[in-house]
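Before any comments, here is the structure.
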Amino acid sequence: MNKGLSSLEKTLRVSEVFTSIQGEGTHSGLPCFFIRLTGCNLRCSYCDTKYAYYNGKPIPIRDLLRLWEKSGLRLVQITGGEPLLSPNVYDLLDVFLANGAKCILETNGSLSISNVPPEVTKVLDWKTPGSGFGQSFLKENLRYLSFKDQIKFVITSEEDYRWAKRIVEKNFLPEICEVLVSPAWGQVDAKCLANWVIEDKLQVRFQIQLHKFLWGDKRGV
């Protein structure tokens, strides 16, 4: 439908746009401009953005660029939902990169990242069995990662942690990219997860969702 349009004129269905503190990953703590796209192909048990499954508003890339410029921030994260379901997300990334943005793309790992620009920091959520989608990760995505990219495991139980540990070690993930583990909000004690990592000397980065620690489980943060 958008064929023939310039990148700036193309639209994406957007659930919300907001400015907050980056709550996860290696950019945690930095002010960040967020664009949350609508639509997801998974339905994880612990999902905290179910409102992004449907609806949303079509917004031209030109307007998203203006909103980002108005924020005064360089760091921008494209998330969802699942942003790679939106065919125009590649135009969005190209436009933001061309205008000096430092881009993060957060994806659930079930779709190919082969066409994501290499300058973009890719954060892949490798779903655990506790999510209900433990077989969804597309392993060919590993070939497109570098040390600036990240794989994240959201842990719902000790069984999830042991499963993730096997995945990390079997695939030599710390030799490919940054590896993160975080407790599912309200499902596993953060101290327990931290202790498991310490006891196993697992070469991963323990993290909590900083934005939820600050503001609770709410939208727009």
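The values are calculated or read from the model by the stated rules, or taken from the named source; none is laboratory data. Fair warning: this is a prediction, and the values are worked out from it, not measured in the lab. We place every Cβ from the backbone using ideal geometry, glycine too, and count neighbours over all the protein chains shown.
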* For Thr79, indicate whether it is surrounded by 15 or more Cβ atoms within 10 Å (Cβ to Cβ), of a type in the set (Ser, Thr, Tyr) and within 13 Å of the chain's Cα centre (by Cα). => yes
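Just need a number here: residues in region 52-78 that are closer than 20 Å to Trp185 by Cβ and among the small types (Gly, Ala, Ser).
Step one: of region 52-78, the residues closer than 20 Å to Trp185 by Cβ are 52-53, 77.
Next, only the ones that are among the small types (Gly, Ala, Ser) stay: 52.
Looking only at that region, the number is 1.
Yes or no, residue by residue, for (1) surrounded by fewer than 23 Cβ atoms within 10 Å (Cβ to Cβ); (2) under 16 Å from the mean Cα position of the chain (by Cα):
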{"residue": "Lys122", "(1), (2)": "no, yes"}
{"residue": "Ser146", "(1), (2)": "yes, yes"}
{"residue": "Ile151", "(1), (2)": "no, yes"}
{"residue": "Glu158", "(1), (2)": "yes, no"}
{"residue": "Ala164", "(1), (2)": "no, no"}
{"residue": "Asn171", "(1), (2)": "yes, no"}
{"residue": "Leu180", "(1), (2)": "yes, yes"}
{"residue": "Gly186", "(1), (2)": "yes, no"}
{"residue": "Ala190", "(1), (2)": "yes, no"}
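Each row is one residue, and each column tells you yes or no for (1) of a type in the set (D, E, K, R); (2) free of Cβ contacts under 8 Å to residues at least 40 places away in the same chain; (3) within 21 Å of Gly80 (Cβ to Cβ).
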position	(1), (2), (3)
Val120	no, yes, yes
Leu124	no, yes, yes
Pro129	no, yes, no
Phe137	no, yes, yes
Arg143	yes, yes, no
Ser146	no, yes, no
Ile151	no, no, yes
Glu158	yes, yes, no
Tyr161	no, yes, no
* Asked: Which one is surrounded by the most Cβ atoms within 10 Å (Cβ to Cβ), of the residues in region 40-57 that are aromatic (Phe, Trp, Tyr) and outside any helix (DSSP H, G or I)?
  -> Tyr53
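Quick grid of which residues meet (1) within 19 Å of Ala184 (Cα to Cα); (2) charged (D, E, K, R):
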residue	(1), (2)
Glu9	no, yes
Gln22	yes, no
Phe34	no, no
Leu42	yes, no
Lys50	yes, yes
* Would you pick out the residues in region 81-130 that are touching a strand residue (DSSP E or B) at 6+ places or on another chain (Cβ under 8 Å) and either of a type in the set (Phe, Trp, Tyr) or at pLDDT below 95 (or both)? -> Gly81, Phe96, Trp126
* Structure fact -> Out of (1) closer than 26 Å to Cys177 by Cα; (2) not in a helix (DSSP H, G or I), the one Tyr90 does not meet is (2)
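If you take the residues in region 124-144 that are in a loop (DSSP other than H, G, I, E, B) and of a type in the set (A, V, I, L, M, F, W, C), which one is surrounded by the most Cβ atoms within 10 Å (Cβ to Cβ)? If you could, list the steps in order and put the result at the bottom.
Of all residues in region 124-144, those in a loop (DSSP other than H, G, I, E, B) come to 126-128, 132-138.
Keeping just the survivors that are of a type in the set (A, V, I, L, M, F, W, C) gives 126, 133, 137-138.
Values: Trp126: 25, Phe133: 19, Phe137: 19, Leu138: 16.
Ranking the candidates gives Trp126 first.
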* Structure fact -> Of the residues in region 42-59 that are in contact (Cβ under 8 Å) with a residue 40 or more places away in the chain and basic (Lys, Arg), the one that is nearest to Phe137 (Cα to Cα) is Arg43
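Given Leu105, Leu92, which one is free of Cβ contacts under 8 Å to residues at least 40 places away in the same chain, crowded, with 19+ Cβ neighbours inside 10 Å and closer than 15 Å to Val17 by Cα?
On the way: Leu92 fails: free of Cβ contacts under 8 Å to residues at least 40 places away in the same chain.
Selected residue: Leu105, the only one of Leu105, Leu92 that is free of Cβ contacts under 8 Å to residues at least 40 places away in the same chain, crowded, with 19+ Cβ neighbours inside 10 Å and closer than 15 Å to Val17 by Cα.
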